[in-house]
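Here is the structure we will look at.
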Amino acid sequence: MLAEIKGLNEECGVFGVWGHQDAAQLTYYGLHALQHRGQEGTGIVVSDGTTLKGVKGEGLVTEIFTADRMAELTGSAAIGHVRYATAGGGGYENVQPLLFHSQSGSLALAHNGNLVNANSLKHQLEAQGSIFQTSSDSEVLAHLIRRSGFAHKNDQVKNALSMLKGAYAYLIMTENELMVALDPHGLRPLSLACLGDAYVVASETCAFDVIGAEYIRDIQPGELLIINDNGLKSEQFAVNSTKAMCMMEYVYFSRPDSNILGVNVHTARKNMGKRLAIEAPIDADVVTGVPDSSISAAIGYAEATGIPYEMGLIKNKYVGRTFIQPTQALREQGVKMKLSAVRGVVEGKRVVMVDDSIVRGTTSRRIVNLLKEAGATEVHVVISSPPIKNPCFYGIDTATKEELIASDKSVEEIRQIIGADSLTFLSTEGMVAALGQTEGANGFCLGCFTGNYPTEIYPDTLQYYYQRG
């Protein structure tokens, strides 16, 4: 479903290059490929081996990086970021990469994820004299590094990382090296590739394809990968943690042409649709998917049932960013502007509408109405994931507990609210099986579905997510 009108958003995406004369330009293309992960702000910091320089702003990649601004970014190393504001909110100061200068050298960092102990660490650091430049949780790492008692930079970074709790994929760049770190549970995707003699790191593998880079491997949970002119060096700052990749990366967030832990996202979603066909066989005339993230699951459902897949809903790609807003009124108007039902496809038909998730239910209700207004005689809604009953604490804005419609309502109650003739959610077992997983739910974070989180959730974080709004 459409992230900007749905209230289900990924915090950001990161991209980095080391050892290429066109590092900034490659980063521009990489960030453009990751634009779906954040549309509120973007930035690039480059290193020429002596200094770090950055350009950033609130807006899309194509809006911020004009030809004049790109001309300022010279160097053979760069890190970039696209952001959707969750922890810390919006504002220019929170746009990343964050860049810090000191007498001992400069440091830039880009972060994908959310730290569940950020507030606790901020209180401790402020008590010790730290002054924060932003309200972003990402800045905590820079202060921890600077206050570390270790002499060597690698030890400073590993010590600082060991104090963080939650989800984080960090790119940390100094004048002479790029450090890449993934949290001990591997909650966020992060991969390594090469382009000739240069190394590239990105949140999703689709960013490698656009620049012609060759995938090497995924960054491992608890790994600190150090990249410099001498090559690669891998160290561990944490071990023996349970892997817990975010399941919503497969269900919704990642691009279909990306691979996560060796699994193609389009294939995973298509398999989810096939599992739905087993769990929710429906006598209907046509199958349609809510563009864009639900198309793969809809194709899978249609193939498995033999019901024809048709383009029953059209996405208007030329609506401006006015509707990338969190208010309910704009979400409602945004659905009308973003989607149209194809009367010639659905009129007089029994329609199976496939979607990836239901958050508040208001958008689903509007889409069901669109189809019925276009003449559909029945609209059966099938969802390629289980009900989202709990907030995410790791960088995905799944709203508050009170705003999640499935947190206190049954499937039948939700069906009545959205006006569907029937409603079926994919089971947790079916969702996991669609990924070819043979060991049950091991290796995935299912917290928003089950309420079982892979890390401790700190009291101040719980209060924020359960009571805000």
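Are any residues in segment 71-84 open to solvent by less than 70 Å² (accessible area, probe 1.4 Å) and not aliphatic (A, V, I, L, M), and if so, which ones? Within segment 71-84, GLY75, SER76, GLY80, HIS81, ARG83, TYR84 qualify. What residue, among those in segment 196-233 that are within 19 Å of the chain's Cα centre (by Cα) and of a type in the set (Ser, Thr, Tyr), is farthest from GLY13 (Cα to Cα)? For segment 196-233, the residue satisfying everything is THR205. Within segment 403-417, identify whether any single residue is buried (at least 18 other Cβ atoms within 10 Å of the Cβ) and in contact (Cβ under 8 Å) with a residue 60 or more places away in the chain, and answer yes or no. Within segment 403-417 (the criterion being buried (at least 18 other Cβ atoms within 10 Å of the Cβ) and in contact (Cβ under 8 Å) with a residue 60 or more places away in the chain), the answer is no, since none of the residues qualifies.
Residue count for segment 106-155, restricted to those that are within 21 Å of LEU178 (Cα to Cα), over 24 Å from the mean Cα position of the chain (by Cα), open to solvent by less than 40 Å² (accessible area, probe 1.4 Å) and at pLDDT below 90: 1.
Among the residues of segment 112-160, the ones that are assigned to a loop (DSSP other than H, G, I, E, B) and closer than 19 Å to ASN94 by Cα come to 9 in all. Among the conditions (1) assigned to a strand (DSSP E or B); (2) β-branched (Val, Ile, Thr); (3) surrounded by 22 or more Cβ atoms within 10 Å (Cβ to Cβ), ILE314 misses just one, which is (3). For segment 24-56, the candidate set comprises residues that are open to solvent by 40 Å² or more (accessible area, probe 1.4 Å) and closer than 20 Å to SER191 by Cα; within that set, the residue that is farthest from the chain's Cα centre (by Cα) is GLN25. Among the residues of segment 370-402, those that are outside any loop (DSSP other than H, G, I, E, B) and closer than 20 Å to ASP283 by Cα comprise LEU371, LYS372, GLU378, VAL379, HIS380, VAL381, VAL382, ILE383. Of all residues assigned to segment 234-247, at least one qualifies as being open to solvent by 10 Å² or more (accessible area, probe 1.4 Å), more than 25 Å from GLY395 (Cα to Cα) and free of Cβ contacts under 8 Å to residues at least 60 places away in the same chain. Can you spot a residue in segment 57-70 that is β-branched (Val, Ile, Thr), in contact (Cβ under 8 Å) with a residue 12 or more places away in the chain, open to solvent by less than 50 Å² (accessible area, probe 1.4 Å) and touching a strand residue (DSSP E or B) at 6+ places or on another chain (Cβ under 9 Å)? Yes, segment 57-70 has at least one match. Restricted to segment 253-275, and to residues there that are of a type in the set (Ser, Thr, Tyr) and buried (at least 24 other Cβ atoms within 10 Å of the Cβ), the residue that is nearest to MET431 (Cα to Cα) is SER254. Confirm whether GLN437 is closer than 22 Å to GLY300 by Cβ, surrounded by fewer than 18 Cβ atoms within 10 Å (Cβ to Cβ) and at pLDDT below 90. Answer is yes for this residue.
The values are calculated or read from the model by the stated rules, or taken from the named source; none is laboratory data. Note that the structure is predicted; figures quoted are calculated from it, not measured. Reconstructed Cβ throughout: ideal geometry from the backbone, glycine too, with neighbour counts over all protein chains shown. When the accessible area is computed, the model is the full protein with side chains, heavy atoms only, and any ligands, DNA or RNA have been set aside. Shrake-Rupley method; radii C 1.70, N 1.55, O 1.52, S 1.80 Å.
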